[in-house]
Amino acid sequence: SMSNLGMHTNVTVIETQKGLVVIETEMTPGIMKTIKEAAEKKLRRKDWAYVINTHKHLHHAGGNSAFPDTQIIGHERMSVDWVKHMLSTDRGRRGYCGCVGVDTALRQLRQTLTQAGLTPAQRETLRKRRRFCEALKQEIMAGFEVRNPTITFNEHYELDMGDVHLRLTDWGAGISHS
């Protein structure tokens, strides 16, 4: 099943005549690699044409490097250089783990797992979430490559994929200002 492979954003894959297009790439390359492999298996193809990032938050663009040979499209305001800087030091990576809630989630999961009255299914779900958060923290602490868009646009960008035509439109900065 493709459900619950990640947990931070909605990842969408569009099948087209000219290749696969993925919108958003989760928080880290490791998380995205799992989703990417599941999509390739389900769709029986690996021809990634484009990555589209809606904005610069790491949970939308952190997995870009899981697509090393794929063009990345984002708004001209979108730069993940601030993330590159943060992930370049141990202190920055620890701070980022706190910022994205990994440490809090791990604490809460450990506490909840000690509670009486949990069913075996609930306990297993919590253990899976704990393992996911532990792997996420480990990947963040190890550091990883963060890729900026290779194609940027201002107001609109047209993408002709043969049987599918995508028109990307900027409606202004939202919560991320990107």
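The values are calculated or read from the model by the stated rules, or taken from the named source; none is laboratory data. Quantities reported herein were computed from a predicted structural model and do not represent experimental measurements. Glycine gets a Cβ as well: all are built from the backbone with ideal geometry, and neighbour counts include every protein chain shown. Please note that ligands, DNA and RNA were not included when accessible areas were found on the heavy atoms of the full protein model with its side chains. Shrake-Rupley method; radii C 1.70, N 1.55, O 1.52, S 1.80 Å.
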Looking only at segment 132-139, decide whether some residue is without any contact (Cβ under 8 Å) to a residue 12 or more places away in the chain and open to solvent by 50 Å² or more (accessible area, probe 1.4 Å). yes
Could you please find all residues in segment 41-53 being open to solvent by less than 30 Å² (accessible area, probe 1.4 Å) and either part of a helix (DSSP H, G or I) or in contact with a helix residue (DSSP H, G or I) (Cβ under 7 Å, 6 or more places away or on another chain) (or both)? VAL51, ASN53
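Looking at ALA142, is it modelled with pLDDT of 90 or more, closer than 19 Å to ASN64 by Cβ and out of contact with any strand residue (DSSP E or B) (no Cβ under 7 Å at 6 or more places or on another chain)?
Values: modelled with pLDDT of 90 or more: yes; closer than 19 Å to ASN64 by Cβ: yes; out of contact with any strand residue (DSSP E or B) (no Cβ under 7 Å at 6 or more places or on another chain): yes.
Judged against the criteria, ALA142 is a match.
Would you be able to say whether some residue in segment 35-43 is more than 20 Å from LEU168 (Cβ to Cβ) and β-branched (Val, Ile, Thr)? Break it down into steps so the answer makes sense when it comes.
Here is the first cut: in segment 35-43, the ones more than 20 Å from LEU168 (Cβ to Cβ) are 35-43.
Adding the requirement that they be β-branched (Val, Ile, Thr) leaves 35.
Yes, segment 35-43 contains at least one residue that is more than 20 Å from LEU168 (Cβ to Cβ) and β-branched (Val, Ile, Thr).
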Where a residue in segment 33-53 is under 21 Å from LEU159 (Cα atoms) and in contact (Cβ under 8 Å) with a residue 60 or more places away in the chain and its partner, wherever it lies, is small (Gly, Ala, Ser) and outside any loop (DSSP other than H, G, I, E, B), with Cβ under 6 Å and at least six apart: ALA49/GLY19; ASN53/ALA61; ASN53/GLY74
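Return yes or no: is ALA116 touching a Gly at 6+ places or on another chain (Cβ under 8 Å), surrounded by fewer than 16 Cβ atoms within 10 Å (Cβ to Cβ) and farther than 18 Å from GLU24 by Cα?
On the way: touching a Gly at 6+ places or on another chain (Cβ under 8 Å): no; surrounded by fewer than 16 Cβ atoms within 10 Å (Cβ to Cβ): yes; farther than 18 Å from GLU24 by Cα: yes.
The answer is no for ALA116.
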Looking only at segment 54-79, how many residues end up being open to solvent by less than 10 Å² (accessible area, probe 1.4 Å), in a helix (DSSP H, G or I) and farther than 18 Å from ALA38 by Cα? 2
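Listed here are the residues, each with its yes/no results for (1) within 23 Å of the chain's Cα centre (by Cα); (2) on the phi > 0 side of the Ramachandran plot.
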| position | (1), (2) |
| --- | --- |
| SER88 | yes, no |
| ARG93 | yes, no |
| GLY98 | yes, no |
| GLY101 | yes, yes |
| ARG127 | yes, no |
| PHE144 | yes, no |
| ARG147 | yes, no |
| ASP160 | no, no |
| VAL164 | no, no |
